[in-house]
Structures are given as structure tokens and as C-alpha cells.
1. If I ask for residues that are surrounded by 13 or more Cβ atoms within 10 Å (Cβ to Cβ) and part of a loop (DSSP other than H, G, I, E, B), which ones from the range 228-256 would you list?
2. How about the range 88-101: which of its residues are over 12 Å from the mean Cα position of the chain (by Cα) and closer than 18 Å to His51 by Cβ?
3. Yes or no: Leu190 more than 27 Å from Gly73 (Cα to Cα) and touching a helix residue (DSSP H, G or I) at 6+ places or on another chain (Cβ under 6 Å)?
4. Specify the residue that is modelled with the lowest pLDDT; the eligible residues are those in the range 6-58 that are within 30 Å of Arg81 (Cα to Cα) and of a type in the set (Asp, Glu).
5. Just to be sure, is Val162 modelled with pLDDT of 80 or more and outside the structural domain of Ile126 (by TED's automatic domain parsing)?
6. Have a look at Leu225, Leu207, Leu216, Leu259 and point out the one that is within 21 Å of the chain's Cα centre (by Cα) and not in a helix (DSSP H, G or I).
7. So which of Ser200, Ser217 ends up being loosely packed, with under 15 Cβ neighbours inside 10 Å and either more than 23 Å from Ala77 (Cα to Cα) or free of Cβ contacts under 8 Å to residues at least 24 places away in the same chain (or both)?
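The values are calculated or read from the model by the stated rules, or taken from the named source; none is laboratory data. These numbers come from a predicted model, not from an experiment. Glycine gets a Cβ as well: all are built from the backbone with ideal geometry, and neighbour counts include every protein chain shown.
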Amino acid sequence: MGDHDQDDVAEPAQPPLTTTQAREVTTRLREAMDDVRRSMAVLAARVRDAHAARVWLPLGYGTWEAYCDAEFGISRAQAYRLLDVARTLAAIHRAVDAGTETSRTRDTGPASAAVLDYGLSQRALIAVSSRTDDVTELITRRLATLAHSGLQALDAATVRAVVRQAVRDVRTAPPPPTAGPTEDPALAELRRVVDELAASTYAIGELMLEVAPAYLSDGDAADVLALLCAEIGLPLEHGFAARRYAMSGDRRALHGTVL
């Protein structure tokens, strides 16, 4: 990486924007980002339906990953990340349905998925895909509490805020401890150290994703990650492991490298 942040990189000279023009550009950018998230919701719904129908078999493919590679040119990891996103969104839809006791989410087709845009990024959904039970429990409980209190209408904006906060809470919270009350103190301390190491590695993985987004293959990401890892004194394989952990939330991504 260079000595300057990305926003310091020289760009072709343009006349300065007024505050009104800058706000208009920002609004268009926000709308474009919302369009991307809605498209992801539609894609997730279609991926879920295609996988449930085992669509690869009539087309002569032996596996889901072979189908995705041949038809769409995406890797095995990307194919299963799409499934993780689809399953996480489906679980969230069910939790919203249970929490609000409405038929709002019972239509699971692509059109309804686009309407039910919670403003969640693919990275956020992948990060909590291994803890969907925690996410859905929070959503259901918080929506039910709001509904029973009568203090706030469960309109789309409120539901969206509850879902986003639940995902954020689970994403940033450490996994619940698995040890019982009689665990050996030395083992408990070792577990705490491992948890802290995993948390710091996740933060490094988030940094890796800033410079090498999840849609890049390992090969495409290697050059930029090599520079970053060299600057921070981290072995490249550890950088890749941290990046995979930040994408999946699964500590097994760290086995053999960091852990």
C-alpha cells in the first residue's frame, strides 16, 4: 500500500460541487447501493429455490458446485457462499414472520425478497450464517416485545431496524462459551486466549476484505494481499485465512494457520 489513503489518489480534475450537487450525488449512490442489496435478495431467493430443486441433475451435472462453475463461472466457495446468504435470509424472513405474526414474509418468491430488503450486505449475512439461530431468536423476541407493548408500530422501517440491529449484535458478539461451570481454570484461560485471537483475526480479515473484496478469487486477491501482509508483517497464508474467516464466520477457516 502507498503512503496515502485511497481518497488521496489523484483523479482527473473536476469543478468543485456545490452542497446541493454533492447531496444529489450521494442520494444516487445510496439508491445504487440499495439496488445492489435488493438484487442480492432476489438472487438469494433464486439460489435457494434452484438448490432445493436440485436443478443441476436434469442438466447433467453431478454436483451443485459443478453446475455453478459451468453455468456461471463461479468457484465452489462462491457457490456455497451464495447458499449461505440464501439460507440466512430465509431464516430472517421466518423470524420476522414469527415476530410480527403477519403474512408479510410468507411469500418467498424473488419479488417478495426484493420488497423485504433489510439493507444487509452480503458480507454481514455470511458473517452470521453459522449463527442464524442466535440472529432469529433476537429478531423474534424483539419484534414480539414491540408488538405486545403497543408502543411502536411494526412498520417496514421498524422491522428493518430490528433486523439490522440483531445481525449487528450477533456479528460483533463473541460466540457463546461452551464450557461448563466446572471447567478447569487453565483450560478456561486457554479458551479465552483463543477467543481473543480469533476476534483479532476477524478484525484483520475485515481489513483484508476492504482491499480484496469477497467477490475476488484467492488468485485475484493474492497480489494486493501480498503487499498488505508484507506491510503489517503477516504471513500471506495467515492473511488469506483471516479473510476467509471474516467471510464465513467459521473458525475452521483458521485451522492450520492462525489456530
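1. Leu234, Gly249, Asp250
2. Residues of the range 88-101 over 12 Å from the mean Cα position of the chain (by Cα): 90-101.
Residues satisfying the conditions are Ala90, Ala91, Ile92, His93, Arg94.
3. Details: more than 27 Å from Gly73 (Cα to Cα): yes; touching a helix residue (DSSP H, G or I) at 6+ places or on another chain (Cβ under 6 Å): no.
Against the criterion (more than 27 Å from Gly73 (Cα to Cα) and touching a helix residue (DSSP H, G or I) at 6+ places or on another chain (Cβ under 6 Å)), Leu190 does not qualify.
4. It comes out as Asp34.
5. On the way: modelled with pLDDT of 80 or more: yes; outside the structural domain of Ile126 (by TED's automatic domain parsing): no.
When the stated conditions are applied, Val162 does not pass them.
6. Numbers: Leu225 fails: not in a helix (DSSP H, G or I); Leu207 fails: not in a helix (DSSP H, G or I); Leu259 fails: within 21 Å of the chain's Cα centre (by Cα).
Within the list Leu225, Leu207, Leu216, Leu259, the selection yields Leu216.
7. On the way: Ser217 fails: either more than 23 Å from Ala77 (Cα to Cα) or free of Cβ contacts under 8 Å to residues at least 24 places away in the same chain (or both).
Going through Ser200, Ser217 in turn, just one is loosely packed, with under 15 Cβ neighbours inside 10 Å and either more than 23 Å from Ala77 (Cα to Cα) or free of Cβ contacts under 8 Å to residues at least 24 places away in the same chain (or both): Ser200.
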